[in-house]
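**Student:** Here's a structure for you.
The values are calculated or read from the model by the stated rules, or taken from the named source; none is laboratory data. These numbers were taken from a predicted model, which means no experiment stands behind them. Cβ placement follows ideal geometry from the backbone for every residue including glycine, while neighbour counts extend to all protein chains displayed. Calculation scope for accessible area: heavy atoms of the full protein, side chains included, ligands and nucleic acids excluded. Shrake-Rupley method; radii C 1.70, N 1.55, O 1.52, S 1.80 Å.
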Amino acid sequence: MVSVNSDWLIEAKSLTKNYGPHIALDNVDIQLPHGSIGLLGPNGAGKSTLIKTLLGLIQITSGEGKVLGHDIRTEGHAIRSKIGYMAEYDTLNPDLNAVDQVRYAGELLGMAPPVANQRTHEVMEYVGLRDQRYRKIGTFSTGMQQSAKLACAIIHDPELLIVDEPSNGLDQEHRGFMLDTLFNIVSDGGRSILMSSHLMDDVQMVCDRVIMIHKGRVVVHRRIEDLARQIDREIEISVWGGASKMEQQLKDAGLTVRRLGRVMRILREDDSTVDLILECAAKTSVQIRQMEEYEPSLEDLFLLIMDKLGYGTRSASELLNSTSDSRVIGDGSLGGASI
Ligand SMILES: Nc1ncnc2c1ncn2[C@@H]1O[C@H](COP(=O)(O)OP(=O)(O)OP(=O)(O)O)[C@@H](O)[C@H]1O
Ligand SMILES: [Mg+2]
C-alpha cells in the first residue's frame, strides 16, 4: 500500500468486494486509529463483509487493506493471531463444556496448553461465567453463549477485538453486561475494538468513534463527540389553542419551527430564543402548556442519516424529526461520501 503508516489500527484503500455481480463493499477508503470504533449500518450494508475482509477470511475483489500493519490479502494468519473475533453467527460446540471450548479456542490460536488452561479460567471469570464454566454449552442461554463466544475471542489477550453484533438476541440485563465488558476491555485493558451493530445505543456505550456504512460505502466516519456537536438543539413547546397562529408568529419572528399538531419544535439560536417564544405566545394569547429543551440523541442523528439515505422512520416523534428541512447536520458532508 502506498504511504503505509503502521500506526493505524486499520487502513483500507479502494477496498472492493463483489459477490458475483453484487457489490458488497464499494471502494472503501478508511484509516482508523487505535481505540474503540463502532461500525453501524442497516441490514445488508456490508458490515460483516468488511469485518471478514479485514480478518483475511474472504478474498477481496480489488483494493488494499491493512490491519495492525499486516496486509489483509497475504497475512491473514498473522492478523488472526493478533486479534480476537466474535462472529455474529454461532461458533460454539454444544457438546463441549464451556471450559473445554474456551481452552480449545486458545490452543487453536497457538497457545501452549497450560497457558491456555490458566487463561481460560481468568477469562471465564471476566465474562461472568465462572460458576457455569463446567456446564455444556448446549445448556447455555443466548446471553451465556454470547459470553462464551467473547471468552473464546479474548483468551489470547488480543490487541484488537472485532465483535459482530455482540448484543444480538440478548435481553436488557445481558446486553448491559456484554456492553460493559466490552467497554472495560478498551478502557481498562487499553485494547482496541471494532464493533458492528445496527443499534446506535450499543455503539454509544462502548465506542468513541463511529463509521457508518450504507450499500457497501462508508458514508460517515467521525468521533461520536464531534457528531453529537453537530446536532441542532431545539426547544419543544406544547400549546393550548391557536397552534397555527403561534406557528406563524414564531416564523414571523424569524424562528425555525417544525410542528406536529399542538407540539412545535423551535431551533434554539441562542439564549434569547426562549424569551422570543414567550413574546410570541403573549402576542397571540396562546397558552404554552409545556416547554423543554430538546436534546437529541445520537440515535436521532442515526435515524436522520438513515432517513436521508432513503430509510423510512416510523413513530410520530421520529416523523417529527425526519420531516425537517431546517435541520442541517454540519455542512452536510459528514466525512466519506456526502449524505
Ligand atoms: N456469501 C455471500 N454471497 C453472496 N452475497 C452475500 C454473501 N455474503 C453477503 N452477501 C451480500 O452482501 C451484502 C452485505 O452483506 P453483509 O452480511 O456484509 O451485511 P451486514 O451489514 O453485515 O448485514 P446484517 O446487519 O444483516 O448482518 C448483502 O446484500 C448480502 O446479501
Ligand atoms: Mg452482519
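**Student:** Which one of these does Ile60 not meet: (1) part of a loop (DSSP other than H, G, I, E, B); (2) open to solvent by 60 Å² or more (accessible area, probe 1.4 Å)?
**Tutor:** Among (1) part of a loop (DSSP other than H, G, I, E, B); (2) open to solvent by 60 Å² or more (accessible area, probe 1.4 Å), Ile60 violates only (2).
**Student:** Would you mind finding the one in Gly176, Gly169, Gly143 that is at positive phi and in contact with a helix residue (DSSP H, G or I) (Cβ under 9 Å, 6 or more places away or on another chain)?
**Tutor:** Going through Gly176, Gly169, Gly143 in turn, the sole match is Gly169.
**Student:** In addition: Select the strands (runs of 3 or more DSSP E) contained entirely in segment 213-289, then report the ones holding at least 1 residues which are open to solvent by less than 50 Å² (accessible area, probe 1.4 Å) and farther than 30 Å from Tyr19 by Cβ.
**Tutor:** Qualifying strands (runs of 3 or more DSSP E): 234-240, 257-260, 263-267.
**Student:** Same structure, new question: Is it true that some residue in segment 95-103 is of a type in the set (Asp, Glu) and under 24 Å from Asn18 (Cα atoms)?
**Tutor:** no
**Student:** Please tell me if Asp100 is in the same structural domain as Leu182 (by TED's automatic domain parsing), acidic (Asp, Glu), on the phi < 0 side of the Ramachandran plot and at pLDDT 95 or above.
**Tutor:** Criteria met by Asp100.
**Student:** Quick one: which residue in Gly38, Gly46 is touching a residue at least 40 places away in the same chain (Cβ under 8 Å) and either more than 15 Å from ligand 1 (Cβ to nearest atom) or touching a Gly at 6+ places or on another chain (Cβ under 7 Å) (or both)?
**Tutor:** Gly46
**Student:** Identify, by number, the condition in (1) more than 16 Å from ligand 1 (Cβ to nearest atom); (2) closer than 16 Å to Gly56 by Cβ; (3) in contact (Cβ under 8 Å) with a residue 40 or more places away in the chain; (4) not in a helix (DSSP H, G or I) that Pro94 doesn't meet.
**Tutor:** Unmet condition: (2).
**Student:** If I go through segment 157-198 residue by residue, how many of them are open to solvent by 20 Å² or more (accessible area, probe 1.4 Å), in contact (Cβ under 8 Å) with a residue 40 or more places away in the chain and within 16 Å of ligand 1 (Cβ to nearest atom)?
**Tutor:** Qualifying residue count, segment 157-198: 2.
**Student:** Do you know which of the residues in segment 48-57 that are open to solvent by 10 Å² or more (accessible area, probe 1.4 Å) and within 20 Å of Met200 (Cα to Cα) is farthest from ligand 2 (Cβ to nearest atom)?
**Tutor:** Restricting to residues being open to solvent by 10 Å² or more (accessible area, probe 1.4 Å) and within 20 Å of Met200 (Cα to Cα), the top hit is Thr49.
**Student:** Please state which one of Val123, Val115 is over 27 Å from the mean Cα position of the chain (by Cα) and modelled with pLDDT of 95 or more.
**Tutor:** Sole residue among the options that is over 27 Å from the mean Cα position of the chain (by Cα) and modelled with pLDDT of 95 or more: Val115.
**Student:** Which helices (runs of 4 or more DSSP H) sit wholly inside segment 107-211 and have at least 2 residues that are in contact with a strand residue (DSSP E or B) (Cβ under 9 Å, 6 or more places away or on another chain)?
**Tutor:** Output list reads 142-154, 172-187, 200-206.
**Student:** Still on this model: Please determine, by comparing only the residues of segment 1-47 that are open to solvent by 20 Å² or more (accessible area, probe 1.4 Å) and of a type in the set (S, T, N, Q), which one is nearest to ligand 2 (Cβ to nearest atom).
**Tutor:** Restricting to residues being open to solvent by 20 Å² or more (accessible area, probe 1.4 Å) and of a type in the set (S, T, N, Q), the top hit is Asn43.
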